[in-house]
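Q: Got a structure for you, written out below as structure tokens; questions coming shortly.
Read-outs: derived from the displayed coordinates by stated rules, not from any lab. All figures in this text were calculated on a predicted structure; none of them were measured in a lab. Every residue, glycine as well, gets a Cβ built from its backbone with ideal geometry; the counts of neighbours run over all protein chains shown.
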């Protein structure tokens, strides 16, 4: 399946990526190549096949709802590009 | 000493032939001498390594002699290390210092191993050549014009060029086994869930698995003994007792049934690799094994299904890199959306962005059934092929890669690069244990042999690999430019 430019722009927006006009052409053709590879899957009938989400068909293990970790705010916020008073700072969202 | 295996180093340390401090210093000196050319390490931890080595020597003096005590290792830069930068080969995390250790790192620390540093890798483990790293390509010590494979290329080169005694890696589609093959070393991917993924930066969570890169199957067994086990912090790690993987290494292979998939000896396999693997199979016949051709009829769909599942899971996992809590943030964002978009576009490299886009597309409204669900159904077919095969045979053997290491810069088309992992990817989709060991040489470059076992047959796979290494010396062949002790 071939993609057009508007689809590439839509996917980029969904993925929160910026694709410049000059890049769009190249991105489009390479993703189209990858989709052609992927489309080999469509040659096989899988109507009655159960999807495999986990290689061992394992189910999520549950545990008791107990406190196991303590959050170290200072350690974690020291990693942030901008943080103050326990808050992560980002550009203004609401005027 | 540097060319010795982990098992041999443990003996030498115990006998007092060398101290961990001396050994660690020797590796650090070699890293200083050769890393500029090979680019295997992103970060070297000289001071902390020497401190760990001193502690190990003190523990040994007090009577401790656990197998990895004082043995120098390198971690792939995908494992979080408390206080040491963890980049994942990306600009996005070029300044990220994790406030905790990955479970794998903690386990090696507890075993007394010495961490020399963090190794280079394809960005977010997305690559088969180590060319996608933000920190530049890694060079293959057999020929520095060639790639070492990927994504655990830095770890493979560090082992092959004796810049460490052992290294960790991760394998999502072949990322331990293919670089091991290209660099002439041993690389082992255990069953999915055998080793904790906690603190291992996520790429494709239903496929990712950590494992050892080292010189021999015996060393892989020693390392897996340390790495494996249930971890309550990783809900996908398996609650199953860990065997002593060294215990069965010496078992006889008499009567072993080896399956050879006809699909792995088909079009695309180079003559030199084919000949090498066929000769290696004769060694197994000499050891009493029988060889049967088997059919994996859906193997040809593994790359297609993988390039839906892995990008889909990656697009979800990598959505956390938003420039807010850690890592890279763009300069002077105009607003929040501009910050997200420019941070991610500047922080990620081309291949990572491409896979995020493919994954986003596959998961987007209206396409889920045609792509992700379809791929999961194909995944079931691939798993069933293996289940049927293991009714007939004990292990499956073939080449790890269709060819030997290729030249840097020669595979620029993504699809061509994706086909690199044509023999290894199905094993990840099925969650099976697989190892690559040196089987011989073709055109002066190492050839890897791929041995695959059924679910949790780690001990069998290591036994089959070890017995080959008792009969042959391919695992002792070294790249001449870097192999000699200075």
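Q: Compute the convex hull volume of the Cα atoms of the range B:61-154, divide it by the residue count, and report the result per residue in Å³ as a whole number.
A: Values: hull volume 10.0 nm³, N = 94.
So the per-residue hull volume is 107 Å³.
Q: Another question, then. Which of the peptides B:417-426, A:9-18 is most tightly packed, and how do the rest follow, judged by the mean count of other Cβ atoms within 10 Å per residue?
A: Descending mean neighbour count gives B:417-426, A:9-18.
Q: Over the range B:310-357, what lengths in whole Å, largest first, do the semi-axes of the equivalent ellipsoid take, defined as the square roots of 5 times the eigenvalues of the alpha-carbon gyration tensor?
A: Working: eigenvalues 77, 23, 15 Å².
So the equivalent ellipsoid measures 20, 11, 9 Å along its semi-axes.
Q: Still on this model: Could you work out, residue by residue across A:39-50, how many beta carbons of other chains sit within 10 Å of that residue's beta carbon, and then give the average as an integer? Please list the in-between numbers first.
A: Numbers: counts 4, 7, 12, 4, 3, 10, 1, 9, 1, 1, 8, 3.
Across the residues of A:39-50, the mean count of other-chain Cβ atoms within 10 Å is 5.
Q: Using all alpha carbons of chain A, what is the percent of pairwise distances in each 10 Å bin, ordered from the shortest bin to the longest?
A: 11, 18, 19, 27, 22, 3
Q: Same structure again: If packing is taken as the mean number of other Cβ atoms within 10 Å per residue, what is the order of B:124-130, B:228-234, highest first?
A: B:124-130, B:228-234
Q: Separation of the range B:179-220 and the range B:292-311 by C-alpha centroid, Å?
A: What the calculation gives is 20 Å, centre to centre.
Q: To continue, here is another question. Defining a contact as two alpha carbons under 8 Å apart and six or more residues distant in sequence, what relative contact order in percent does the range B:406-475 show?
A: Details: 63 pairs, mean separation 17.5, N = 70.
Rounded, it is 25 percent for the range B:406-475.
Q: Does the range B:402-483 come out rounded, prolate or oblate by the C-alpha gyration tensor, with a ≥ b ≥ c the root eigenvalues, rounded set by a/c under 1.5 and, if not, prolate when a/b is larger than b/c and oblate if not?
A: It comes out oblate by the Cα gyration axes.
Q: Follow-up. For the pair residue A:53 and residue B:412, how long in nm is the line joining their label points, each one 7 Å along Cα→Cβ?
A: Taking the simple label geometry, residue A:53 and residue B:412 are separated by 4.2 nm.
Q: How tilted is helix A:5-14 with respect to the longest principal axis of chain A? Cα atoms for both, answer in degrees (0 to 90, nearest 10).
A: 30
Q: If the chain between residue B:17 and residue B:47 were fully stretched, how many nm would it gain, using 0.36 nm times the residue separation less the Cα-Cα distance? Could you put the intermediate results ahead of the total?
A: On the way: separation 30, 0.36 × 30 = 10.80 nm, distance 2.30 nm.
Stretched out fully, the residue B:17 to residue B:47 stretch lengthens by 8.5 nm.
Q: Further question: Along Cα→Cβ, 7 Å out, is where each label goes; now give me the distance between the ones at residue B:336 and residue B:232 in nm to one decimal.
A: Going by the 7 Å Cα→Cβ label model, 3.6 nm.
Q: Let me ask something else about it. Can you give the calculated 222 nm mean residue ellipticity of chain B, where each DSSP H run of n ≥ 4 adds -39,500 (n - 2.57) and the sum is split over every residue, rounded to the nearest 500 deg cm²/dmol?
A: Numbers: 16 runs with 185 residues, N = 486.
Roughly -11500 deg cm²/dmol at 222 nm, from the helical runs in chain B.
Q: Would you please put B:282-288, B:6-12, B:370-376 in order of how densely packed they are, using the mean number of other Cβ atoms within 10 angstrom per residue and starting with the highest?
A: Order by mean packing, descending: B:370-376, B:6-12, B:282-288.
Q: Under 18 Å from a point placed 7 Å out from the Cα of residue B:250 along the Cα-to-Cβ direction: which residues of the range B:175-217 have their backbone N that close?
A: Under 18 Å, as judged by backbone N against the label point of residue B:250, lie B:217 of the range B:175-217.
Q: Report the full-extension gain for the segment residue B:481 to residue B:316: residue separation times 0.36 nm, less the Cα-Cα distance, to one decimal in nm.
A: Difference between extended and current length: 55.1 nm.
Q: From Cα pairs below 8 angstrom and at least 6 apart in sequence, can you work out the relative contact order of chain B, rounded to a whole percent?
A: 18 percent.
Q: Can you sort B:394, A:65 so the residue with the fewest Cβ neighbours within 10 Å comes first?
A: Lowest to highest Cβ neighbour count: A:65, B:394.
Q: Evaluate the Debye formula for the protein assembly as shown with equal point scatterers sitting on the alpha carbons, no solvent, and hand back log10 of I(q)/I(0) at q = 0.11, 0.12 Å⁻¹, in q order, two decimals.
A: Taken in order of the listed q values, log10 I(q)/I(0) reads -0.99, -1.19.
Q: Could I ask something else about it? Starting from the alpha-carbon convex hull of chain B, give the projected area averaged over all orientations, in nm².
A: Convex hull of Cα atoms, orientation-averaged projection: 21.7 nm².
Q: For the range B:300-375, what's the relative contact order in percent, using C-alpha pairs closer than 8 Å and at least 6 residues apart?
A: Relative contact order of the range B:300-375: 45 percent.
Q: Per residue of A:82-94, how many C-beta atoms from partner chains lie within 10 Å of its own C-beta, taken as a mean?
A: 2
Q: Hey, what angle do you get for helix A:21-38 against the long axis of chain A, alpha-carbon based, 0 to 90 degrees rounded to 10?
A: Once rounded, the angle reads 70 degrees.
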